[in-house]
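The structure appears below as structure tokens.
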Amino acid sequence: MPELPEVETVRRGLEKLIIGTTVTAVNVPYPKVITGDSQAFVTGVMQATFTKIDRRGKYLLLRLSNQHTIVSHLRMEGQYSVEPIGTTPYKHTEIIFELADDRALFYNDTRRFGRMVLATTGHESLVSPSLAKLGPEPTEADLTLPYMINAFSKSKKPIKTFLLDQNQIAGIGNIYADEVLWQSKIHPETPTNQLSKLQLAILRTNIIAEIARAIKHHGTTVHSFSNVFGEVGKFQNELEAYGRVGEPCLRCGTPMVKIKVGQRGTTFCPFCQVKFD
DNA sequence: GCCCTAACCTGATTGC
DNA sequence: TGCAATCAGGTTAGGG
């Protein structure tokens, strides 16, 4: 499931592969992938050239030469691939951008959860309001400790749920939330406003380092993630909490347990991650 | 305004 | 063996 490091990996791949290429035709086998009028979408990207690929949180922003931007969210299993023109679409190919250099950009999505919408560049929030509400990126520069102390003091939600809220911090998903809470020795059900400043400082350091480390490993492949080159990520070999239910905690040996927090599967160590510490 | 739940969707896994 | 039920998960819409 793509979280920030996976989306960043896709962004870097797309940047290498499609910048400077022009869209000559668009086929949409699954129109529901497009939010709004799919015909207007097609018209809006025709004959435009990809100029830049940006990312904000888990959103990809494909910049076009005609002042349009494709806002693309991969959700669970969306992925892009570049194929020779004429390649038969896959079972789950939802949109095909034919390019002037005899290649085609496919968007494939097994669960059909991903969405894309066409925006006027600079006004993306008009068609994707959630984009405007995203919290800071989990980086040293953007995610400051004063911001965290302020924002985290205002919520009684379980910290696990809070970390998944894109309006608080952009880009963290279920996998990295479990990872950073384990690293920080924080129980996932701890009310957010009960965390001490020291705990927040530790959590902040771990979030920033973990996301950077995952990007370096090209993301995590749990179900089906692959980059535009069809390569899987390598970070799943580095996971210390997520998916390790029943296995010994890497710190203390206690079997890891799985619970539901805010409807999400949550794996943690019942010994290391003490509640209300 | 906050919180919780259902819905979206399909492949994989589990249960009978 | 085969079918049905359940689970996974990011985001949004709707209800309390």
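Filter the stretch A:161-187 down to residues that are within 16 Å of DNA strand C (Cβ to nearest atom) and either open to solvent by 20 Å² or more (accessible area, probe 1.4 Å) or farther than 17 Å from A:Leu250 by Cβ (or both), then give me how many there are.
Number of matching residues: 15.
Could you list all residues from the stretch A:144-185 that are more than 16 Å from DNA strand B (Cβ to nearest atom), in a helix (DSSP H, G or I) and of a type in the set (A, V, I, L, M, F, W, C)?
Within the stretch A:144-185, A:Leu145, A:Met148, A:Ile149, A:Ile175, A:Val180, A:Leu181, A:Trp182 meet the criteria.
Would you please name the residue that is most open to solvent (accessible area, probe 1.4 Å), looking only at residues in the stretch A:134-160 that are away from DNA strand C (no atom under 16 Å from the Cβ) and more than 22 Å from the chain's Cα centre (by Cα)?
A:Lys154
Confirm whether A:Thr110 is out of contact with any strand residue (DSSP E or B) (no Cβ under 8 Å at 6 or more places or on another chain), in contact (Cβ under 8 Å) with a residue 12 or more places away in the chain and farther than 27 Å from A:Gln168 by Cα.
When the stated conditions are applied, A:Thr110 passes them.
Being over 21 Å from A:Tyr147 (Cα atoms) and of a type in the set (Lys, Arg) is the filter here; which residues of the stretch A:187-221 pass it?
A:Arg213, A:Lys216
Restricting the stretch A:76-133 to residues that are within 12 Å of DNA strand C (Cβ to nearest atom) and among the basic types (Lys, Arg), which is nearest to A:Leu14 (Cα to Cα)?
Looking at the filtered set, the residue picked out is A:Arg115.
Restricted to the stretch A:228-277, and to residues that are polar (S, T, N, Q) and open to solvent by 80 Å² or more (accessible area, probe 1.4 Å), which residue is modelled with the highest pLDDT?
A:Gln263
The values are calculated or read from the model by the stated rules, or taken from the named source; none is laboratory data. Everything numeric in this text was worked out from a predicted model, so none of it was measured. Counting neighbours? That spans all protein chains shown, and the Cβs are built from the backbone with ideal geometry, glycine included. Surface accessibility is based on the protein's heavy atoms, side chains included, excluding ligands, DNA and RNA. Shrake-Rupley method; radii C 1.70, N 1.55, O 1.52, S 1.80 Å.
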